[in-house]
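Notes for the one structure printed next.
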Amino acid sequence: MTSGLRYLPAHLDPAAQRDFVELLRAAVTEAPFFTPIMPRTGRPFTVRMTNLGPLGWVSDRAGYRYQSTHPETGKPWPPIPPMVLDLWRKLSGYPQDPEACLVNYYRQGAKMGLHRDEDEEDFTAPVLSISLGDTAIFRIGGKERGGKTETLKLSSGDVLVMGGESRLCYHGIDRVLTGTSTLLKDGGRINLTLRRVTRPGATE
Ligand code: SIN
Ligand code: FE2
């Protein structure tokens, strides 16, 4: 496995997974899912997104960036719930809290092309990913596009810590296996990624 990548299968038990979904349900009424747009092509992503925390990741014709408000409502993103922060504090090995929790919602047919998470200022912090709902085929390669890749099945409750070398590796979701979980009432998959965006000291 890519160095620095920690895979923690079934880290969240079913009760914790249900708690996470409840928290998300409340957050999403405040910050509804939106459809991001690819900056260059103007094509919509197949994944819908929203964010929690002081900063949220957005993509539109103007580019990829972090911003403090929801692109459609104009309101600040809801806070990252304490239960989610606890997981970061336990697993990230990073002294400061994350500033962004990107929530990706994969409905039938949604996927995510290979990309690197590189809009952050501090790559010493890992990206912590939490999977809920249907199982996904996650693909990860090296730091350059076009290299060798491997796949990992991410099921509900699985946690992945992308730190060290793996922090800047290309990764994406090939597909989601419909009907593999009953956690989400309407099916599909939700992935949370916790990110530190700014370098500590830059804003604190
Ligand atoms: C992402 O790379 O932003 C999402 C990965 C995932 O859905 O597991
Ligand atoms: Fe990513």
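The values are calculated or read from the model by the stated rules, or taken from the named source; none is laboratory data. Remember, predicted model here, so these are calculated numbers, not experimental data. Don't worry about glycine lacking a Cβ; one is built from the backbone with ideal geometry, like all the others, and counts go over all protein chains shown. For accessibility, only protein heavy atoms count, side chains too; no ligands or nucleic acids. Shrake-Rupley method; radii C 1.70, N 1.55, O 1.52, S 1.80 Å.
Would you kindly compute the Cα radius of gyration of region 92-178 and its largest Cα-Cα separation (Dmax), both in Å?
13.1, 38
Provide the descending list of Cα extents for region 1-102 along its principal axes, expressed in whole angstroms.
37, 34, 26
Counting only heavy atoms of protein chains, what accessible area per residue, in Å², does region 6-59 have with a probe of 1.4 Å?
Working: 2760 Å² over 54 residues.
Spelled out: the 1.4 Å probe surface of region 6-59, per residue, equals 51 Å².
Please list the non-local residues whose amide H lies under 5 Å from the amide H of LEU5, H modeled 1.01 Å from N, same-chain partners needing a gap of 5 or more.
For LEU5, the qualifying residues are GLY163, SER166.
Quick one: Karplus J couplings for region 90-99, per residue in order, coefficients 6.51, -1.76, 1.60, θ = phi - 60°, nearest Hz, x for Gly and Pro?
Values per residue, Gly and Pro as x: 6, 10, 6, x, 10, x, 9, 6, x, 9 Hz.
Before I look further, what does region 90-147 give for accessible area per residue, probe 1.4 Å, in whole square angstrom?
43
Leaving ligands, DNA and RNA out of it, report the carbon-plus-sulfur percent of the accessible area of region 5-195 at a 1.4 Å probe.
Working: 4670 of 9030 Å².
Summing carbon and sulfur atoms, their accessible area is 52 percent of the total for region 5-195.
Give me the net charge of ALA125's neighbourhood, meaning all other residues with Cβ under 11 Å from the Cβ of ALA125; Lys, Arg count +1, Asp, Glu -1.
That works out to -2.
Net charge near SER181, counting Lys/Arg +1 and Asp/Glu -1 over other residues with Cβ under 15 Å of its Cβ?
It works out to a net charge of +2.
Would you be so kind as to identify which of THR46, HIS11, THR35 lies farthest towards the positive end of the dipole of the chain, taking Lys and Arg as +1 and Asp and Glu as -1 on Cβ and the Cα centre as origin?
THR46
What are the ³J(HN,Hα) values, in whole Hz, obtained from phi via the Karplus relation 6.51 cos²θ - 1.76 cosθ + 1.60 with θ = phi - 60°, for each residue of region 132-148 in sequence order, with x given for Gly and Pro?
Going residue by residue, I get 9, x, 4, 5, 10, 8, 9, 10, 9, x, x, 7, 10, 5, x, x, 5 Hz, with x marking Gly and Pro.
Can you count the Lys pairs in the chain with C-alpha separation below 21 Å, eight or more apart or on different chains?
For the chain, qualifying lysine pairs total 5.
Magnitude of the Cβ-charge dipole of the chain, K/R +1 and D/E -1, about the Cα centre, nearest 20 debye?
On the way: 26 positive and 23 negative charges, 126 e Å.
About 600 debye.
How long is region 5-195 along each principal axis, judged by its Cα atoms, biggest number first, in Å?
The principal-axis extents, from largest down, are 40, 40, 38 Å.
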